[in-house]
Amino acid sequence: MRIDFSNVDLSSLAAYKDLAMDSFKVLMDKSGAGNDFLGWIERPLNYDKEEFDRIKKAAKKINSNSDILVTIGIGGSYLGAKAVDVALDSYFDSKRKTKLVYLGHHLSSQYLAELLDYLKDKDFSINVISKSGTTTEPAIAFRFLKEAIEDKYGKEEAKDRIFVTTDRQKGALKDLANQEGYESFVVPDDIGGRFSVISAVGLLPLAVAGVDIDEFMEGFKEGYKKYTVNDFDENPAIQYAAVRHMLHKDGKEMEVLVNYEPKLKYIAEWWKQLFAESQGKDGKGIFPVSVNNTTDLHSVGQMIQDGKRNIFETVLKVDSVDRDVTINADEKNLDKLNYLADKKVSFVNEKAMEGTIIAHVKGSVPNILISIDKVSAKNLSQLFYFFEIAVGVGGYMEGINPFNQPGVEEYKTQMFKLLGKPGYEDK
Ligand code: PA5
């Protein structure tokens with residue numbers, strides 16, 4: 001992974017270096033707010049090997065008896081797995097033994113009803129993932145899916161097809177798993193949802209999808225080596241946090257994460273959750289948005305080029321693609337494309353990216369460029385770790401607790417009141 005700040009005016013960056021280094025120290029010393037949720041920092045070195053082996057065994061079993069794994073979870077309990085799953089799968093011709101289908105990340109009855117129909121003639125297993133074990137969306141989804149799987153296979157076989165990922169000891173889901181005898185995996189106490197892709201939360205679905213989870217852990221280890229270095233000039237994660245902070249102080253209210261490879265769409269969704277839930281609090285934070293180019297250059301691209309000048313961009317560039325195609329010359333040239341004859345489509349995509357960066361920088365949109373050599377399990381986990389360190393450092397620079405999410409509770413309170421949940425009458 002490389003980061004390039006050459007399209008950002010760094011003249012006032014020096015003023016923020018000390019604050020960035022102090023914030024990094026607070027993060028690494030675990031002396032700041034939210035310090036009981038920092039288990040993800042050393043997790044690449046000290047993860048539970050026994051559970052890791054159990055994850056591989058469970059994945060093998062699911063691969064041997066299931067066309068589909070219904071992965072139930074919301075927020076940090078599904079986005080990391082989905083991001084890597086989509087990024088590493090083929091666009092059209094998946095060779096996976098077991099396909100991941102997601103549920104419990106919204107309340108669409110249409111989606112649920114269609115999924116229940118779809119599963120009727122499929123063999124399937126379920127991985128229900130919830131750290132708290134009480135989140136409404138996955139809880140409702142699991143109630144339906146539990147009934148469906150028990151109807152299909154009977155209670156005994158269903159037991160072998162249900163895998164629970166939740167707190168080690170407590171919560172409704174843990175109680176249910178204990179009572180019913182489901183195999184359980186742990187969301188560690190000291191790892192919050194949006195940092196939990198490194199745990200069974202991400203690892204079990206990804207192992208089922210055929211992702212090499214050893215390689216995935218290797219990427220986290222490399223991330224640990226590179227992004228916990230106590231030196232501003234040597235640590236791109238601290239630099240990214242400081243540059244974002246500087247741009248924010250300079251009036252940039254929004255950061256747009258840009259990709260030119262549609263497979264990275266859910267990497268952007270994961271990133272948005274990480275930054276929004278970590279830094280959007282106490283009236284502070286940069287609003288994280290994302291675009292998928294060149295698609296969105298024909299929609300919100302207009303606004304980025306020409307709208308209110310309160311944004312900056314971070315482009316996620318992939319240096320090489322697995323598959324490429326060459327544009328042929330055409331004798332008649334009716335479409336006037338012969339100037340591109342013998343050029344690869346990846347070359348055209350790269351020039352579109354470079355041209356867009358030039359245009360946006362000219363239009364006063366500072367641009368940070370992050371490049372990875374290819375889309376791989378190792379590169380994606382390293383990228384996750386990079387963003388996680390940066391979000392922690394940036395949060396402390398802003399003077400907030402990056403590891404809680406109190407704002408998420410308010411919608412739940414008002415929804416529960418409207419739904420008549422006991423105890424919410426007077427809210
Ligand atoms: O990052 C977070 O903590 C949240 O996004 C949670 O992951 C999300 O709310 C789901 O919570 P739970 O896993 O408890 O169901």
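May I ask you to list the GluC sites (Glu not before Pro) in region 387-427 that are in a DSSP loop and have at most 10 other Cβ atoms within 10 Å of their Cβ?
On the way: sites: E388, E398, E409, E410, E425; in loops: E425.
For GluC sites (Glu not before Pro) across region 387-427 that sit outside H, G, I, E and B with at most 10 neighbouring Cβ atoms in 10 Å, the list reads E425.
Taking only protein heavy atoms and a 1.4 Å probe, what accessible area per residue, in Å², does region 268-404 have with all protein chains in place? Could the numbers behind the result be given before it?
On the way: 6430 Å² over 137 residues.
I get 47 Å² per residue for region 268-404.
For region 192-276, report the % of Cα-Cα distances exceeding 20 Å.
Here the tail beyond 20 Å accounts for 52 percent of pairs.
Report, in listed order, any pair from K61/K174; K97/K152; K99/K374; K252/K317; K60/K152; K30/K56 with a Cα-Cα distance greater than 30 Å.
Check vs 30 Å cut-off fails for K30/K56.
May I ask you to compute the full-extension gain from E157 to V408, defined as 0.36 nm times their residue separation minus their alpha-carbon distance, rounded to one decimal in nm?
Computed gain between E157 and V408 is 86.7 nm.
Excluding residues on the same chain fewer than 8 positions from K378, give the aspartates and glutamates whose Cα lies under 16 Å from its Cα.
Within the straight-line cut-off, K378 pairs with D85, D89, D212, D214, E215, E218, E222, D319, D322, E388.
Leaving out same-chain residues fewer than 8 places away, which aspartates and glutamates sit with a Cα under 13 Å from that of K170?
Within the straight-line cut-off, K170 pairs with D189.
Straight-line reach only, C-alpha to C-alpha below 16 angstrom: list the lysines that K343 could link to, leaving out same-chain residues fewer than 8 apart.
K351
Output the peptides 326-337, 244-255 sorted from most to least packed, where packing is the average of other Cβ atoms within 10 Å over each peptide's residues.
Highest mean packing first, the order is 244-255, 326-337.
So who's got an amide H within less than 5 Å of the one on S290, skipping anything under 5 residues away but keeping other chains? H placed 1.01 Å off N, in plane.
Under 5 Å from the amide H of S290 lie the amide H atoms of L257, each far enough along the sequence or on another chain.
Please report, to two decimal places, log10 I(q)/I(0) for the chain at q = 0.10 Å⁻¹ as given by the Debye formula with identical point scatterers on the Cα atoms and no solvent.
Each listed q maps to, in turn, -0.75.
If you filter region 197-238 for trypsin sites (Lys or Arg not before Pro), then keep DSSP loop positions with at most 14 other Cβ within 10 Å, what is left?
The qualifying sites: there are none.
Mind putting a number on the dipole of region 300-377 about its Cα centre? Charges go on the C-beta only, +1 for Lys and Arg and -1 for Asp and Glu, and I need it in Debye to the nearest 20.
Charge dipole of region 300-377: 300 debye, to the nearest 20.
At a probe size of 1.4 Å, how large is the accessible area of F287, to the nearest 10 Å²?
Per-residue accessible area (F287): approximately 130 Å².
Under a Cβ-Cβ cut-off of 15 Å, what is the net charge of the residues other than M21 that fall near it, where Lys and Arg count +1 and Asp and Glu count -1?
Taking every other residue near M21 into account, the sum is -4.
Hey, what number do you get for the chain at 222 nm if only DSSP H runs of n ≥ 4 count, each worth -39500 (n - 2.57), divided across all residues, to the nearest 500?
Dividing the helical sum by the residues of the chain leaves -15500 deg cm²/dmol.
With a 1.4 Å probe and all protein chains in place, put S31, S125 in order of accessible area, largest first.
Result of the area sort, largest leading: S31, S125.
Could you work out what % of the accessible surface of the chain is carbon and sulfur, using a 1.4 angstrom probe and leaving DNA, RNA and ligands out of the count?
Carbon and sulfur atoms account for 51 percent of the accessible area of the chain.
Which order do the peptides 45-57, 350-362 come out in when sorted by mean C-beta neighbours inside 10 angstrom, highest first?
Taking the mean over residues of other Cβ atoms within 10 Å, the ranking is 350-362, 45-57.
Please find the FRET efficiency linking N178 to Y424, where r is the Cβ-Cβ separation and R0 is fixed at 25 Å, and quote it to the nearest 0.05. Show your work: numbers first, answer last.
Numbers: r = 28 Å, r/R0 = 1.11.
Taking R0 as 25 Å, the efficiency between N178 and Y424 is 0.35.
Enter the Cα centre distance for the pair region 1-45 and region 95-134, rounded to the nearest angstrom.
The two parts, judged by their Cα centres, are 37 Å apart.
For a quick check of your reading of the filter: which trypsin sites (Lys or Arg not before Pro) in region 107-181 sit in a DSSP loop and have no more than 16 other Cβ atoms within 10 Å? Present the calculation step by step, with values, prior to reporting the outcome.
On the way: sites: K120, K122, K131, R143, K146, K152, K155, K159, R161, R168, K170, K174; in loops: K120, K122, K131, R168, K170.
In loop regions of region 107-181 (DSSP not H, G, I, E or B), the sparsely surrounded trypsin sites (Lys or Arg not before Pro) are K120, K122, R168, K170.
The values are calculated or read from the model by the stated rules, or taken from the named source; none is laboratory data. Just so it is clear, the structure is predicted and the values come from calculations on it, not from any experiment. Every residue, glycine as well, gets a Cβ built from its backbone with ideal geometry; the counts of neighbours run over all protein chains shown. Note: accessible area is taken over every heavy atom of the protein model, side chains too, but ligands, DNA and RNA are not part of it. Shrake-Rupley method; radii C 1.70, N 1.55, O 1.52, S 1.80 Å.
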